[in-house]
Amino acid sequence: MSDIIQLLPDHVANQIAAGEVVQRPASVVKELLENAVDAGATQVNLVVKDAGKSLVQVVDNGLGMSMTDARLAFERHATSKIKSAEDLFDLHTKGFRGEALASIAAVAQVQVKTKTESAEVGTELCIEGSEVKSQTPCVTKKGTSIAVKNLFYNIPARRNFLKSNAVEQRHIIDEFQRVALAHPNIGFSYVHNANELFQLPATKARQRIVGIMGAKTNEKLVPVEEQTDFIHLKGFIAKPEYAKKTRGEQFFFVNNRFIKSSYLHHAVSSAFEGLLRDKSIPSYFLYLDVDPKTVDINIHPTKTEIKFEDEHSIYAILKSAIKHSLGQFQITPALDFNKDSEFDTSYHQHKKPISNPTIEVNRNFNPFESDSKPKSVSNYQHSTSKNTSSWESLYADIQPDEDDNDEDFMHIETEAKNNLFSTENITEQRTCFQMNAKFLVTEYRSKLLVIDQHRAHTRILYEELMKSITMDAAPSQQLLFPLEMEFSSADFQILSEVQEALILVGFGFEKWENNEAVISGIPSHVKESDISNMLDQLIADMQMGIPKNNFEQNDILAKSLARNMAIKSGRLLNTTEQVDLINQLFTCKEPTKTPTNQNIFINFAQSDLENKLL
Ligand code: ADP
Ligand code: MG
């Protein structure tokens, strides 16, 4: 048999290797920003077009490169940062593999302009798909500008794989924030499609955090500091009452490098134990300085994971330092555990003038209609589409969410088919009762139905919300005092993606810019005090879901809001409310499953019951 092994041509090998380093425009942003930091720049400017799909450019005032170095920099394993294997254990730079520029140049069109302090002229270099197209002297300032155009232009499959601009842009913001937070002493700016998103002058950590997360962050921050023989910890945590349901404001920097560590996250969370509301995640910005010899950052190609020599001590130090700060700033006693959470005002409203109480009048109330009299379906539909009638009372007193929708609560399969429950089949007379303030039990066509009330309501609201988004907008309740809310840029970006849909489901915005929203209208039936939570949850769901297109975006939005707005288990319902809920469920297109595909009810035929009684 003839030999079959051959060496891959360089450009193919480079493209394959590039896959590890360059997954999306945000990877390019990260590598270029880190190189600029490594080059000792004091000012770094990022320019992006079309979420990085057509341009990512980083301009710095660092060391610059000589003519030869500029060319060498694009060779694989060309780095000025390590010379021997030992250097690996004493790294003070972000890069060291010498792979980033070679990888980027393999999958894009790259233009470099660079000049060192001492050189009289600079160098301009153009490379496309690893091939040097030209290198000429040029006039430029000290420092380096690298423009990466048309990423993946030569690998259409990868290019098609990129997500929507909104999603790619979000990843870029994440990377930008991480580098900018890690280096407050360096000035950063970020311009996207000619809009200036960030202008961050060189400063101290606290001001940098505020510069990125928004002016109102300042009052939320509590300093943390601890110095031991082998670790210097400093930074800030946000007071427990500002903890959000969203991940995204958790930052660890080890030797000025952003890292992810669920172990250290656990240390922080455990220091907050007992101080946080259900499922909220504390925000923190923590900078750890350790001897580089005691950490290994080489275990992951994108280098956001880390291994410490003495993890246990770091855990303990972190936990105790944070507990100490929480105590020292007297955050603990301020919390009253016996307080009813219903009385909590969201922090956005603390400084608001107190509004006059309003009385809600049900204009459809008919004193001659008895409470237990079942409504016909048509009546029922009429009343809900107007968003009036007994639905309002369903929202009056929403209990804390005990019923999370992920447990599969019943084992018996539903065999219901949609047509079984078509509108004509709904009996005018319905007998039902509520069990444990969680299930509705009713008889239907000689079958016994047990319906999960939270899930049923989630389905109803989901379909209503989808209808508002795709067909006709829902009515909105105007707020007497508009709610002012501030978001981090990343969160604001996420909400901006769905702003139109939010308007369609009943939100009204007086202002929507500079990471600030002034909310003047909210969907009917939603309580003002729930809005902050609802939007937090929405941001979290959008982060988890990463929608690919408009439809998915709307779907995530409707699912998130429906789950949030739906009555919870633990809520007592009167007979009318029970009947309404059941009737409304069976006018849904998909009455058997929640939008996240969980069973809404189970049914027992007479034979099932007889079998059980054998
Ligand atoms: P690494 O950062 O791992 O060394 P890169 O491929 O990112 O590898 O960069 C290769 C080399 O090019 C760097 O070691 C550095 O010497 C040089 N270089 C890259 N970017 C810049 C920059 N903005 N300013 C000065 N030198 C740079
Ligand atoms: Mg690098």
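The values are calculated or read from the model by the stated rules, or taken from the named source; none is laboratory data. For clarity, every value in this text was computed on a predicted model and none was experimentally measured. Positions of Cβ are generated from backbone atoms using ideal geometry, with glycine treated the same way; all protein chains shown enter the neighbour counts. To get the accessible areas, we keep the full protein, side chains included, count just its heavy atoms, and leave off ligands, DNA and RNA. Shrake-Rupley method; radii C 1.70, N 1.55, O 1.52, S 1.80 Å.
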Identity of the residue in segment 111-126, touching a residue at least 12 places away in the same chain (Cβ under 8 Å) and surrounded by fewer than 23 Cβ atoms within 10 Å (Cβ to Cβ), that ends up nearest to ligand 1 (Cβ to nearest atom): Thr116
If Ser130 satisfies all but one of (1) within 16 Å of ligand 2 (Cβ to nearest atom); (2) at pLDDT 90 or above, what's the number of the condition it fails? (1)
Residue hits (segment 57-77; more than 8 Å from ligand 1 (Cβ to nearest atom) and open to solvent by 50 Å² or more (accessible area, probe 1.4 Å)) are Val59, Asn61, Met67, Thr68, Arg71, Glu75, Arg76, His77
Considering only residues that are open to solvent by 10 Å² or more (accessible area, probe 1.4 Å) and closer than 14 Å to Val58 by Cα, look in segment 143-178 and name the one that is nearest to ligand 1 (Cβ to nearest atom). Thr144
In segment 217-276, how many residues are small (Gly, Ala, Ser) and not in a helix (DSSP H, G or I)? 6
From the set of residues in segment 463-481 that are touching an Asp or Glu at 6+ places or on another chain (Cβ under 9 Å) and under 23 Å from Phe551 (Cα atoms), which is surrounded by the fewest Cβ atoms within 10 Å (Cβ to Cβ)? Ala474
Quick check on my filter: what residues within segment 17-52 are surrounded by fewer than 20 Cβ atoms within 10 Å (Cβ to Cβ) and under 26 Å from the mean Cα position of the chain (by Cα)? Gly19, Glu20, Gln23, Asn45, Val47, Lys49, Asp50
Candidate set: segment 78-110, residues that are of a type in the set (D, E, K, R) and assigned to a loop (DSSP other than H, G, I, E, B); chosen: the one farthest from ligand 1 (Cβ to nearest atom): Lys83
Sort out for me the strands (runs of 3 or more DSSP E) sitting completely within segment 131-194 that have 3 or more residues that are more than 29 Å from the chain's Cα centre (by Cα), over 29 Å from Phe492 (Cα atoms) and of a type outside the set (Lys, Arg). 131-138, 143-149
Could you please find all residues in segment 465-510 being of a type in the set (S, T, N, Q), without any contact (Cβ under 8 Å) to a residue 40 or more places away in the chain and under 12 Å from Pro523 (Cβ atoms)? Ser468
Taking segment 97-109 and keeping only residues that are modelled with pLDDT of 80 or more and within 14 Å of ligand 2 (Cβ to nearest atom), one is left with Gly98, Glu99, Ala100, Leu101, Ala102, Ser103, Ile104, Ala105
Have a look at Asp291, Asp310, Asp278 and point out the one that is under 20 Å from the mean Cα position of the chain (by Cα) and surrounded by fewer than 15 Cβ atoms within 10 Å (Cβ to Cβ). Asp278
Return only the number of the condition from (1) within 16 Å of ligand 2 (Cβ to nearest atom); (2) farther than 30 Å from Thr203 by Cβ; (3) touching a strand residue (DSSP E or B) at 6+ places or on another chain (Cβ under 9 Å); (4) assigned to a helix (DSSP H, G or I) that Leu32 does not satisfy. (2)
Which of the following residues is in contact with a helix residue (DSSP H, G or I) (Cβ under 9 Å, 6 or more places away or on another chain) and either touching a residue at least 40 places away in the same chain (Cβ under 8 Å) or within 21 Å of Val121 (Cα to Cα) (or both): Val37, Val47? Val37
Yes/no for Val58 being in contact (Cβ under 8 Å) with a residue 40 or more places away in the chain, in the same structural domain as His192 (by TED's automatic domain parsing) and within 16 Å of ligand 2 (Cβ to nearest atom): yes
Checking the structure you have, find out if any residue of segment 96-107 is open to solvent by 40 Å² or more (accessible area, probe 1.4 Å), of a type outside the set (Phe, Trp, Tyr), closer than 19 Å to Gly62 by Cα and assigned by TED's automatic domain parsing to the domain that holds Pro25. no
